[in-house]
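Encoded as C-alpha cells, the structure appears first; notes follow it.
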Protein chains: 2
Amino acid sequence: MQHSSKYIEAAVEQMASLPGIGRKTALRLVLSLVKRDESKVQRFANSFIDLKQHIHFCHTCYNLSDQELCSICTDEGRDAAVICVVEDIRDVMAIESTQQYKGRYHELGGRISPMDGIGPSELKLDALKERVLSDEGITELILALSATMEGDTTNFYISRILEGRGIKLSTIARGVGVGTELEYADEITLGRSILDRTPFEVSLGRS
Amino acid sequence: MQHSSKYIEAAVEQMASLPGIGRKTALRLVLSLVKRDESKVQRFANSFIDLKQHIHFCHTCYNLSDQELCSICTDEGRDAAVICVVEDIRDVMAIESTQQYKGRYHELGGRISPMDGIGPSELKLDALKERVLSDEGITELILALSATMEGDTTNFYISRILEGRGIKLSTIARGVGVGTELEYADEITLGRSILDRTPFEVSLGRS
C-alpha cells in the first residue's frame, strides 16, 4: 500500500513494529492518532519515553519497578523464605491478582528455548542461584513456568543447579480449571488431574 | 490488574486508548517497548509527534498530505473532471492500489450517521459542493461509500445538494467478487449482481 505522506509511512512502520500489529491495523491506529489534538498525541508519545527512562529492573527479583528495588521485595510483610519463579511481569501480575500468594518472586525474563536461541545465560538463572545461596533465607521455590517443553526444561535446569542445597521445590498445580466441565478439559490436563489427585479432606477444607 | 510501576500504568493507559486495543494487549505491547533500546523507543514515540506536527489535510480534497495540497491534487496527469467521493484515506489507498483510477478524490471524513451524531455539517459536504460549483471543471462524481444505510443516506444527500447542476453521478459496481464462487456470495450481493448485469461484450472486452 502506498501512502501519500512520508510521516504516515514512518508512523505506520513504527506502529507495525509492535508484536502482533500488522500494517493494516497499524494504519488504523495511526489514523486515530491523527484525529487527536496535538497535546494528546504528545502525551501518548511521551508516556513511552518516560517509561523507558524511568523504569528499572528490580535488583533482587528483576521485576519492573520505578525504584531500584520493587515494592514486593521491599514489603516486610511478605514471606522472604518462599520465592515464586516466573517468566515475566505478566505472570507476577496474574498471581498478585489472585491475592493467594504472600511470598516473593524471581523473574527469569523467559524460559530456556534453544529453538529461539535462549539458553540459561540469557535468563536470570545465575542470579536465582546467587539469591538462594545468599543470606536471604530462602527455603522454598515455587516453579510457576508454562507447562511446555521449554518450561519443563527450565524447571529441570533449576532443579539441577540447586541440587543438594536443601531447597524445597514445587510447581503450581496442573488440573481441570475450577468451574470447567470435565468434557471440555483437554486429555492431557484431565489425565494429569487424575494422576495428581488431592485427598478429598483437603479439597473440602479449601472450598 | 495491578502494576508495580506508575510509568507502566501510564503507558498501558495510553496504548489502550487506541481503538481495538484492550488493556491486556496494551500491556504486551508496552512490555515489548521496555525491552527495546532507548533510542528505538525515542524513534517510536517521535514518529507520532512528527506525524501530528507535519501532517495536513489537503486544502482541496482533504486527503492527508505532507503539503498543503496532496500529491494527487497537484498531479497534472490526472483527470480533474472526475472526482471519486470516499470516506477516508484508507479508501483512497485501496483505490490507488488498483491502479485503475486516474481521476481525483474528495474525502468526506466519514458518512452521515445520525446514530453516531454525524450529520452533514460534520463532513466535507459543503466543501464538495463548492468544488463542484467552482472552476475546477468537474463533470462526474463517483460515489464510493460503503454499501450501508449510512452510505446510501450520504449518497442521497449528495445527489440532492447537486441536483440540477448537470453533474454525472455514479456509484462503484456492486456484485459478486472476481474469483468468488456463486454459492458463497451473499443473497443481497448476488441479487444485485443480477439486477445490475453488464452486457457480455463489455465483460469480454475487459478480461
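A short reminder: the numbers here are calculations on the coordinates, not readings from a lab. Predicted model, so just to flag it, every value in this text is computed and none were measured. When we count neighbours, we look across all protein chains shown, and the Cβ atoms used for this are built from the backbone with ideal geometry, even at glycine.
Evaluate peptide A:168-176: per residue, the Cβ atoms of other protein chains within 10 Å of its Cβ; return the mean as an integer. Before the final figure, lay out each step's value.
On the way: counts 0, 0, 0, 0, 0, 0, 0, 0, 0.
Counting other chains' Cβ atoms within 10 Å and averaging over A:168-176 gives 0.
For chain B, just say rounded, prolate or oblate: build the C-alpha gyration tensor, square-root its eigenvalues into a ≥ b ≥ c, call rounded for a/c under 1.5, and beyond that prolate if a/b exceeds b/c, oblate if not.
prolate
Using amide H atoms built 1.01 Å from N in the peptide plane, name the residues 5+ places from A:Gly103, or on other chains, whose amide H lies under 5 Å from its own.
Close amide H contacts, sequence-distant or interchain: A:Asp79.
Output the peptides B:88-95, A:120-127 sorted from most to least packed, where packing is the average of other Cβ atoms within 10 Å over each peptide's residues. All intermediate terms of the calculation are to be shown ahead of the outcome.
Details: B:88-95: 18.2, A:120-127: 15.8.
Highest mean packing first, the order is B:88-95, A:120-127.
Quick one: 3J(HN,Hα) in Hz for segment B:178-194, Karplus 6.51/-1.76/1.60 with θ = phi - 60°, rounded, Gly and Pro as x.
Couplings: 4, x, 8, 6, 4, 5, 9, 6, 6, 4, 5, 5, 5, x, 5, 5, 7 Hz.
Among A:Ile72, A:Ala16, A:Leu108, pick out the residue whose Cα is farthest towards the positive end of the charge dipole of chain A, where Lys and Arg carry +1 and Asp and Glu carry -1 on C-beta, about the Cα centre.
Of the listed residues, the answer is A:Ala16.
Quote the FRET efficiency, to the nearest 0.05, computed for B:Arg90 versus B:Arg174 with a Förster distance R0 of 22 Å and r equal to the Cβ-Cβ distance.
For B:Arg90 and B:Arg174, the calculated efficiency is 0.70.
So the label point sits 7 Å from Cα along the Cα-to-Cβ vector; using that for A:Ala81, what distances do you get to the other copies, in nanometres, sorted shortest first?
Label-point distances to the other copies, shortest first: 9.1 nm.
Determine how many Å³ per residue the convex hull of the Cα atoms of the protein assembly as shown encloses.
For the protein assembly as shown, the hull spanned by Cα atoms encloses 230 Å³ per residue.
Which loop-located GluC sites (Glu not before Pro) does segment B:5-96 contain, where loop means any DSSP state but H, G, I, E or B and the Cβ has at most 11 other Cβ atoms within 10 Å?
Loop-located and lightly packed - B:Glu76.
Expressed as an acute angle from 0 to 90° and rounded to the nearest 10, what is the orientation of the C-alpha long axis of helix B:38-54 relative to the principal long axis of chain B?
Between helix and principal axis, roughly 40 degrees.
Scan around B:Leu64 for amide H atoms under 5 Å from its own, H built in the peptide plane at 1.01 Å from N, and keep only partners 5 or more places away or cross-chain.
Under 5 Å from the amide H of B:Leu64: B:Cys58.
How big is the gap, in Å, between the Cα center of segment A:56-113 and the Cα center of segment B:130-205?
Centre-to-centre distance over Cα atoms comes out at 60 Å.
Got a sec? Charge dipole of segment A:14-69, +1 on Cβ for Lys and Arg, -1 for Asp and Glu; which of A:Asn63, A:Phe48, A:Val30 is way out at the positive end?
A:Val30
What angle, in degrees between 0 and 90 and rounded to the nearest 10, separates the Cα long axis of helix B:6-16 from the longest principal axis of the Cα atoms of chain B?
10
Output the 0 to 90 degree angle, nearest 10, between the alpha-carbon long axis of helix B:149-161 and the longest principal axis computed from the alpha carbons of chain B.
Taking Cα atoms only, the helix is inclined about 50 degrees.
Identify, for chain B, the residue whose C-beta comes nearest the rotation axis onto chain A, and round that distance to whole Å.
Spelled out as residue then distance in Å, it is B:Ala45, 2.
What size of dipole, in debye to the nearest 20, comes out for the protein assembly as shown about its Cα centre when the only charges are +1 on Lys and Arg C-beta atoms and -1 on Asp and Glu C-beta atoms?
Value, rounded to 20: 140 debye.
Residue by residue, what Karplus-based ³J(HN,Hα) values in Hz, rounded to whole numbers, does segment B:108-118 have, using 6.51, -1.76 and 1.60 with θ = phi - 60° and x for Gly and Pro?
Residue by residue, segment B:108-118 yields 7, x, x, 9, 5, 8, x, 4, 9, x, 9 Hz.
Would you please name the trypsin sites (Lys or Arg not before Pro) within segment A:13-45 that are DSSP coil residues with at most 14 other C-beta atoms within 10 Å of their C-beta?
Counting only loop positions with at most 14 other Cβ atoms within 10 Å, the trypsin sites (Lys or Arg not before Pro) in segment A:13-45 are A:Lys35.
Counting pairs of alpha carbon atoms under 8 Å apart in space and at least six apart in sequence, what relative contact order in percent does segment A:1-112 give?
Over segment A:1-112, the number comes to 17 percent.
With the contact rule set at Cα under 8 Å and sequence spacing of 6 or more, what percent relative contact order holds for chain A?
Reported relative contact order: 12 percent.
Mind checking which lysines have their C-alpha under 27 Å from B:Lys124, skipping anything on the same chain fewer than 8 residues away?
Of all the lysines, those that pass the test against B:Lys124 - Cα under 27 Å, at least 8 places apart if same chain - are A:Lys6, A:Lys24, A:Lys35, A:Lys40, B:Lys52, B:Lys102, B:Lys168.
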